[in-house]
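This report concerns only the one structure given below.
No lab work stands behind these numbers, since they all come straight from the coordinates. Remember, predicted model here, so these are calculated numbers, not experimental data. Counting neighbours? That spans all protein chains shown, and the Cβs are built from the backbone with ideal geometry, glycine included.
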Amino acid sequence: MAPSVRKFAGGSMFVMTNEQSCANLVERYLRTRGRRYFRGHHDGEYFFVTAAPRRLHVHFEISPAHDDVLIIRVSPGCYFPASDRPWLTHFSDRWNRLGRRVTAIVHGSSDPQRIGVTARKSQWIRNGVGFTDFAAFLDETIADATQLFEELNPAAPPAHAPLLRDAG
């Protein structure tokens, strides 16, 4: 049996889906925090870069499979030498055993000589959550990811070599 919708006097009814609600919360958060952000190729994807204390790339994504789940990924602006995998894996395992807000994940890259580390958190965003609670959750998650990368000093500083070779 299909649900019925009745008209009521004086207006129309607007039903907001969880995806719309979550997207509205994310956009409001980004605006109130003064973040310059970019939208992804798909609905529900947002990117921005933090500057302090170090440059971090932050990605918010409303799960395509579950529109009431927000996925947060934070990564540094650099990759690490693949030879550091054992140390980075040990560091990430130790971090994850502490039960922190974000999970540290070591992953490969398109360059077999480099690997990455990402801080990740997935969270169910209940319908009707208040903006203050939502914003506090995001602030705490980003702060925890920032702490992860502060503790994870790169084994080698990022190369300052030119990105393009001199063809001349």
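Data table
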quantity	calculated
Net charge contributed by nearby residues that have their C-beta within less than 9 Å of R73 (K/R +1, D/E -1)	+1
For segment 24-31, Karplus couplings with θ = phi - 60° (6.51, -1.76, 1.60), whole Hz, Gly/Pro x	4, 5, 4, 5, 5, 4, 4, 5
Positive minus negative residues near E140 (Lys, Arg vs Asp, Glu; Cβ under 12 Å)	0
Net charge, T50 excluded, C-beta distance under 14 Å - Lys, Arg +1, Asp, Glu -1	+3
Distance between segment 116-139 and segment 28-46 - C-alpha centres, whole angstrom	14
Derived scalar couplings ³J(HN,Hα) [segment 94-110; Karplus, 6.51 cos²θ - 1.76 cosθ + 1.60; whole Hz; x for Gly, Pro]	4, 4, 5, 5, 6, x, 6, 5, 10, 9, 8, 10, 8, 9, x, 9, 5
Simple label model, 7 Å out from Cα along Cβ direction - H42 to R114, nm	2.4
